[in-house]
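Okay, structure first, notes after.
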Amino acid sequence: MSTTVDVQGLRHVYKGGTIALDGVDLSIGAGLFGLLGPNGAGKSTLMRILCTLLKPSEGRASVLGHDVVRQRRAVRSHLGYLPQEFGAWRLHRVEEVLDTLADLSGLKGRSTRRDRVDTVLDSVGLGEVAHRKVKKLSGGMTRRLGIAQALIHQPRLLIVDEPTVGLDPEERIRFRQLMTTLGKERTIILSTHIVADLGAGCSDLALLDDGRIVFRGSPTELLERAQGQVFELTLPTSAPPPQGEFEIVSRTVDAQETTYRSVAAPGRLPEGARPASEPTLEEGYLAFMLARGRAEDLLRDGHFGESDGDAAACRDDGEAPAGQTSREEDES
Ligand SMILES: Nc1ncnc2c1ncn2[C@@H]1O[C@H](COP(=O)(O)OP(=O)(O)OP(=O)(O)O)[C@@H](O)[C@H]1O
Ligand SMILES: [Mg+2]
């Protein structure tokens with residue numbers, strides 16, 4: 001596997017003393033790479049360092065062999081970035097935004113640019129709204145425009161930070177498919193809370209927690225770790241929900257019985273629990289964090305939203321957590 005991104009001993013301490021990255025080593029090859037982790041884990045910090053927007057306090061990172069601190073221009077020529085907050089250009093038309101960005105990235109000649117803009121818009125499924133003003137796009141379309149702008153100069157590395165926050169289920173499916181397609185020709189690093197959004201196109205992921213990589217491997221390996229921790233428990237519907245050292249992820253209710261699908265820390269299954277079939281990646285992630293004693297943070301952040309007893313299966317379309325507050329830039 002050829003390496004696109006190589007990170008060694010990366011550490012970042014913000015002014016004020018927050019340690020956002022605490023010794024990260026990571027090597028990423030072609031395809032769709034998932035960067036998972038709870039709020040504040042350091043995902044955006046890592047991405048901004050790779051994008052040359054933030055200088056790390058210690059350690060090294062390179063993109064296609066170019067150092068992100070010493071060879072910023074070369075790194076930038078190879079990457080496209082969709083930041084966590086993307087909302088500018090509201091009064092412009094979709095095609096104007098892309099034409100301007102193509103111009104800025106050095107694509108000269110009006111007709112060359114027009115061809116490129118058309119190709120990119122088609123590739124993200126926005127060909128039909130090329131003349132529409134950005135403010136009139138839906139949330140999903142705006143994200144896809146964000147991807148289009150990041151793709152305009154045909155980068156070999158695409159970095160997308162929490163692209164699915166706030167999208168409805170249909171838009172999320174569409175976005176997932178787009179990432180899978182784009183990941184066939186380049187490296188994509190995609191950060192998300194919503195594990196299901198990585199989709200089938202993702203074969204490699206890392207879990208960041210408190211500035212450290214706590215898991216690195218394939219989705220299948222993450223699921224294997226969850227073996228025995230995902231279970232179902234059926235109780236009379238009239239009985240109160242079960243309580244214990246586990247988290248309910250969904251429930252199926254009928255007049256007589258309710259089946260609770262849950263994830264427990266290892267060895268903490270309640271009486272009557274039976275193994276659940278086919279754990280989802282999201283349940284695997286929850287199982288892993290429970291085993292680390294960190295599930296509370298995920299639940300607090302709203303990643304697994306069963307708490308008020310809704311029958312909604314958050315495994316299928318867990319609602320996105322609220323966007324984070326903007327912070328002062330402390331760097332370049
Ligand atoms: N500009 C900044 N100045 C000071 N502290 C910061 C800054 N940006 C982030 N932090 C802190 O660094 C840590 C890592 O933040 P980061 O934004 O990288 O996490 P994240 O994994 O992207 O979180 P989220 O899921 O909420 O987007 C957090 O404790 C955060 O509060
Ligand atoms: Mg972030």
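For the reader, a short list of remarks on this structure follows.
- Backbone HN-Hα couplings from phi across segment 237-251 [Karplus 6.51/-1.76/1.60, Hz, Gly and Pro as x]: 4, 6, 7, x, x, x, 10, x, 7, 8, 10, 7, 9, 6, 9
- Between helix 139-151 and the chain: long-axis angle, C-alpha atoms, 0 to 90°, nearest 10: 50 degrees
- Taking each residue as 0.36 nm, the span from Gln256 to Glu85 lengthens on full extension beyond its C-alpha to C-alpha distance by 56.9 nm.
- When the chain is described by a simple charge dipole with +1 on each Lys and Arg Cβ and -1 on each Asp and Glu Cβ, the residue from Leu107, Leu190, Gly146 located farthest towards its positive end is Leu107.
- Cut-off 15 Å between beta-carbons: net charge of the residues surrounding Leu269, Lys and Arg +1, Asp and Glu -1: -2
- Our coupling estimate for segment 194-211, obtained by passing each phi through the Karplus curve with A = 6.51, B = -1.76, C = 1.60 and θ = phi - 60°, is 9, 4, 4, 6, 6, x, 6, x, 9, 10, 8, 8, 10, 10, 9, 9, 6, x Hz, Gly and Pro reported as x.
- Peptides 240-250, 280-290, 128-138, ordered by how many other C-beta atoms sit within 10 Å of their residues on average, highest first, read 280-290, 240-250, 128-138.
- Projected over all directions and averaged, the alpha-carbon convex hull of segment 106-149 occupies 3.2 nm².
- Share antiparallel - DSSP beta bridges, segment 3-217, percent rounded to 5: 50 percent
- Against the chain, whose longest principal axis is taken from its Cα atoms, helix 281-291 shows a tilt of about 70°.
- Distance distribution note for the chain: the fraction of Cα pairs above 30 angstrom is 39%.
Since every read-out is calculated from the coordinates, none of them should be taken as a lab result. Every value quoted in this text rests on a predicted model; they were computed, and no experiment measured them. Backbone-built Cβ (ideal geometry, glycine too); neighbour counts: all protein chains shown.
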